[in-house]
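The values are calculated or read from the model by the stated rules, or taken from the named source; none is laboratory data. Quick caveat: nothing in here was measured; it's all calculated off a predicted structure. A quick note on method: Cβ atoms are made from the backbone with ideal geometry, for glycine too, and the neighbour counts reach across all protein chains shown.
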Amino acid sequence: MAGPEPVETIDFINDLSKRWNMAIIQGNTDEMIVKSTGSDKYTPPNEIMAASLKYAQEVLRPDQKEFLYELPAQLKETIGNLEILFVHGSPRRNNEDIFPNMDIEKVKEMVDRVTENIIFCGHTHMPVNYHVGKQAIINVGSVGRPFTELPKACYVILDYPDLSGKEFSFNYRFVDYDYKSAADKLAKLPFKGADKLAQMLIKATSRYPE
């Protein structure tokens, strides 16, 4: 949702998941697209995002909606001696924000019942990481719609050289991409506010278009 090519993007991700056995989880907007019921949980934050949601629901094929519907909300993986939890928002909810500059006590509350060594999350599209005891909470940012000072695709590489131990490191990668072309495509989509969403690819002055 809120991107220039929802149909092509889902096909691309689905193909990657099959060819490379990639693990994929469901985001909150994926859930809204396939489970929208009018409840507060599935209500977009404003009219522009609602129009974007409606557009995605109209253009996606039935098989693509089924793909989104069947994605797991969370995934747990064990690599060597590391246990890793993948979530979209927080371990509690897929639409709970883990922002930069949060009170660490609030972060602790979010992960209170989690036992994994690493928690990877996203949702806010803002890269940030916290440490709670021996636990790392890593917001990986966003490849497709980054909310950073510079409009670069953002992701994280985990380095875990000794599978018998629990020492690891991680690095954020920021990659140039043709965000102006992406914005041009988005601005031409046939729903109200597409032009404002497009501007956010160039400069994200707020989290949601106004």
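Does Leu163 meet the test of being touching a strand residue (DSSP E or B) at 6+ places or on another chain (Cβ under 6 Å), within 14 Å of Ile79 (Cβ to Cβ) and touching a residue at least 24 places away in the same chain (Cβ under 8 Å)?
Working: touching a strand residue (DSSP E or B) at 6+ places or on another chain (Cβ under 6 Å): no; within 14 Å of Ile79 (Cβ to Cβ): yes; touching a residue at least 24 places away in the same chain (Cβ under 8 Å): yes.
Taking the combined requirement at face value, the residue does not satisfy it.
Pull up region 45-81, narrow it to residues that are outside any loop (DSSP other than H, G, I, E, B), among the aliphatic types (A, V, I, L, M) and over 24 Å from Phe191 (Cα atoms), then point me to the one that is modelled with the highest pLDDT.
Going residue by residue through region 45-81, those that are outside any loop (DSSP other than H, G, I, E, B) are 47-59, 62-70, 75-79.
Applying the additional criterion that residues be among the aliphatic types (A, V, I, L, M) yields 48-51, 53, 56, 59, 68, 75, 79.
Among the residues that remain, those that are also over 24 Å from Phe191 (Cα atoms) are: 75, 79.
Working: Leu75: 98, Ile79: 93.
That would be Leu75.
Residues being surrounded by fewer than 14 Cβ atoms within 10 Å (Cβ to Cβ), of a type in the set (D, E, K, R) and modelled with pLDDT of 95 or more: count how many of those fall in region 93-127.
4
Among the listed residues Ile10, Ile24, Ile84, identify the single one that is assigned to a loop (DSSP other than H, G, I, E, B), modelled with pLDDT of 90 or more and aliphatic (A, V, I, L, M). Talk me through it step by step, then tell me what you get.
Details: Ile10 fails: assigned to a loop (DSSP other than H, G, I, E, B); Ile84 fails: assigned to a loop (DSSP other than H, G, I, E, B).
Of the residues listed, the single one that is assigned to a loop (DSSP other than H, G, I, E, B), modelled with pLDDT of 90 or more and aliphatic (A, V, I, L, M) is Ile24.
Exactly one of (1) surrounded by fewer than 18 Cβ atoms within 10 Å (Cβ to Cβ); (2) touching a Phe, Trp or Tyr at 6+ places or on another chain (Cβ under 6 Å); (3) among the hydroxyl-bearing types (Ser, Thr, Tyr) is unmet by Thr78. Its number?
Every condition holds for Thr78 apart from (2).
Can you find a residue that is surrounded by fewer than 11 Cβ atoms within 10 Å (Cβ to Cβ), of a type in the set (Val, Ile, Thr) and in contact (Cβ under 8 Å) with a residue 12 or more places away in the chain anywhere in region 195-206?
no
Of the conditions (1) touching a helix residue (DSSP H, G or I) at 6+ places or on another chain (Cβ under 6 Å); (2) more than 30 Å from Pro6 (Cα to Cα); (3) β-branched (Val, Ile, Thr), Ile202 satisfies every one except a single condition; which number is it?
The one condition Ile202 does not meet is (2).
Any residue in region 116-135 that is under 27 Å from Gln57 (Cβ atoms), in contact with a strand residue (DSSP E or B) (Cβ under 6 Å, 6 or more places away or on another chain) and free of Cβ contacts under 8 Å to residues at least 40 places away in the same chain? Give the steps one after another, and end with the answer.
Of region 116-135, the ones under 27 Å from Gln57 (Cβ atoms) are 121-126.
Applying the additional criterion that residues be in contact with a strand residue (DSSP E or B) (Cβ under 6 Å, 6 or more places away or on another chain) yields 121.
In the following step, the residues that additionally are free of Cβ contacts under 8 Å to residues at least 40 places away in the same chain were identified as 121.
Scanning region 116-135, I find at least one residue that is under 27 Å from Gln57 (Cβ atoms), in contact with a strand residue (DSSP E or B) (Cβ under 6 Å, 6 or more places away or on another chain) and free of Cβ contacts under 8 Å to residues at least 40 places away in the same chain, so the answer is yes.
Determine which member of the set Phe174, Phe170 is in contact (Cβ under 8 Å) with a residue 24 or more places away in the chain, part of a strand (DSSP E or B) and more than 27 Å from Lys108 (Cβ to Cβ).
Details: Phe170 fails: more than 27 Å from Lys108 (Cβ to Cβ).
Going through Phe174, Phe170 in turn, the sole match is Phe174.
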